[in-house]
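One structure is given below, encoded as structure tokens.
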Amino acid sequence: MAGFRSFLKSGHSPSLLAAFVYFTYCCGVWVTNGAMAPYIKEALQLSPSQVGLMLSIPIFAGAIMRFPLGILAQYIGRKNATLVEMGGIAIALMYGYFVVKTFNDMLAMGVLLGIAGASFGVALSLGSGSFPARYKGLAMGLVGAGNVGTSVSALLAPMLAQAYGWKTVYGIAAVGLLIPVIVMLVLAREPDDVDKHANFREHIACLFEKDGWAFSVIYAITFGGFIGLTTFLPSYYYDQFGVSKVQAGQLTMLAAFMGAALRIFGGWISDHWGGINTLTAVLVVICLSLLACGLAGGSLVLTTLLLMLCFAALGAGNGALFQLVPLRWPAATAVAGSMIGEIGALGGGLVPNAMGLSKQHTGTYFWGFALFAALALIVLLMMRSMQLRWTRTWAEKGGRARAA
């Protein structure tokens with residue numbers, strides 16, 4: 001407890017709280033269509049491949065929008081960038097409430113929901129910007145735990161859709177936007193951790209480095225897997241096991257909550273054990289648990305337990321990766337985080353598509369799980385081949401922060 005108090009005193013804790021609230025809300029809005037997918041599928045009579053496409057659009061759109069928001073944050077400040085983004089989210093939710101009626105409208109709505117998915121890099125940089133290097137992993141883990149918004153959405157959106165209709169959920173979410181806006185205005189303070197005199201090319205230098213792309217590929221597994229599976233699981237539970245739409249959301253919430261909670265642990269243990277060591281263990285667990293999920297499609301209990309294990313590893317991996325980012329790019333964390341988040345989140349958009357196509361063309365979801373497991377193994381081998389150079393240049397053995 002004394003150590004945690006020391007951590008809070010080492011930076012600006014109100015900004016940390018504001019960033020967490022903002023990111024929690026954005027994550028919840030981002031996966032709203034996934035949480036309500038069984039209702040939308042029934043109302044619009046969609047095929048498995050159409051559901052997969054509908055669920056992938058917000059993920060792809062959010063990934064593409066992350067880097068521009070990170071660049072904007074460099075020039076108008078991270079706090080101001082969050083307020084601009086939340087204005088865009090309000091417009092998106094009003095479009096969903098007043099306009100959406102057809103499948104094509106849902107695809108357009110998915111693009112607009114991507115605005116909420118752009119929040120990641122700015123949220124983490126705003127929350128952790130005032131904390132010293134030795135606490136960056138924990139600070140980013142705490143903000144990143146805003147992924148819990150996905151579990152809140154998975155729990156509440158189906159119940160609200162059942163009671164009031166699925167389009168009304170967009171309107172309720174628009175009213176809820178007042179909470180993060182007020183918190184951001186009152187509590188957040190712009191950190192001073194970025195060199196204000198750095199030019200544009202220095203800010204985007206990570207785009208031209210091998211490490212930037214390596215981090216992005218790892219993140220495509222950890223965060224891409226987290227957001228992609230969270231978006232798809234309500235449909236998977238509903239179709240595979242015949243549970244009710246509300247129960248499908250509740251089961252998804254269990255897995256998503258594990259992923260969000262373990263993100264904090266991933267950041268904390270990476271500060272002590274090293275991000276590279278943590279990611280090694282994480283990728284092994286992801287690979288094995290996904291294969292087991294694909295083989296356990298006949299058991300609801302076993303599938304749920306395996307998914308909770310998989311999501312725990314995905315969450316810890318997210319925290320571990322972003323313990324390494326500020327060590328590798330200490331003066332451009334916001335842009336580096338946005339770029340890595342952008343490329344990495346694109347991987348999440350492949351998950352609903354792969355699952356939907358697997359079901360439609362083979363009659364089973366197994367091959368979707370198997371493909372993702374194989375990719376996790378390939379990424380593990382890539383990381384282990386690069387980690388020796390990392391520990392010789394910018395990190396201690398295992399991926400810990402170097403002493404000041």
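Among the residues of segment 79-88, is any outside any helix (DSSP H, G or I) and touching a residue at least 24 places away in the same chain (Cβ under 8 Å)?
To start, the set of residues in segment 79-88 that are outside any helix (DSSP H, G or I) comprises none.
No: segment 79-88 contains no residue that is outside any helix (DSSP H, G or I) and touching a residue at least 24 places away in the same chain (Cβ under 8 Å).
Kindly indicate whether G363 is buried (at least 20 other Cβ atoms within 10 Å of the Cβ) and within 18 Å of F241 (Cα to Cα).
no
Among the numbered criteria (1) buried (at least 18 other Cβ atoms within 10 Å of the Cβ); (2) modelled with pLDDT of 95 or more; (3) not aliphatic (A, V, I, L, M), which single criterion is violated by F322?
(2)
Pick from segment 251-281 the residues that are β-branched (V, I, T) and under 16 Å from the mean Cα position of the chain (by Cα): which of them is nearest to V325 (Cα to Cα)?
Restricting to residues being β-branched (V, I, T) and under 16 Å from the mean Cα position of the chain (by Cα), the top hit is I264.
On the basis of being within 17 Å of T230 (Cα to Cα) and aromatic (F, W, Y), does F60 make the cut?
Here the answer is yes, as F60 does meet what is asked.
Working carefully through the options V111, V99, V183, find the one that is over 16 Å from A37 (Cβ atoms), modelled with pLDDT of 95 or more and within 17 Å of the chain's Cα centre (by Cα).
After ruling out the rest, the residue left standing is V111.
Sort through L350, L324, L302 and tell me the only one that's farther than 30 Å from F131 by Cα and under 19 Å from the mean Cα position of the chain (by Cα).
Unique residue meeting the criteria: L350.
Could you please find all residues in segment 43-69 being among the small types (G, A, S), part of a helix (DSSP H, G or I) and over 22 Å from T150 (Cα atoms)?
Within segment 43-69, A43, S49 meet the criteria.
Answer yes if at least one residue in segment 7-15 is surrounded by fewer than 21 Cβ atoms within 10 Å (Cβ to Cβ), modelled with pLDDT under 95, part of a helix (DSSP H, G or I) and among the basic types (K, R), and no otherwise.
Yes, because at least one residue in segment 7-15 is surrounded by fewer than 21 Cβ atoms within 10 Å (Cβ to Cβ), modelled with pLDDT under 95, part of a helix (DSSP H, G or I) and among the basic types (K, R).
To keep it simple, each residue is scored yes or no on (1) of a type in the set (S, T, Y); (2) buried (at least 17 other Cβ atoms within 10 Å of the Cβ); (3) touching an Asp or Glu at 6+ places or on another chain (Cβ under 6 Å).
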residue	(1), (2), (3)
I57	no, yes, no
A63	no, yes, yes
F67	no, yes, yes
N80	no, no, no
V84	no, no, no
L93	no, yes, no
T102	yes, no, no
A123	no, yes, no
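The values are calculated or read from the model by the stated rules, or taken from the named source; none is laboratory data. Everything quoted here is computed from the prediction, not taken from an experiment. Neighbour counts are summed over all protein chains in view; Cβ atoms, including those assigned to glycine, are modelled from backbone coordinates with ideal geometry.
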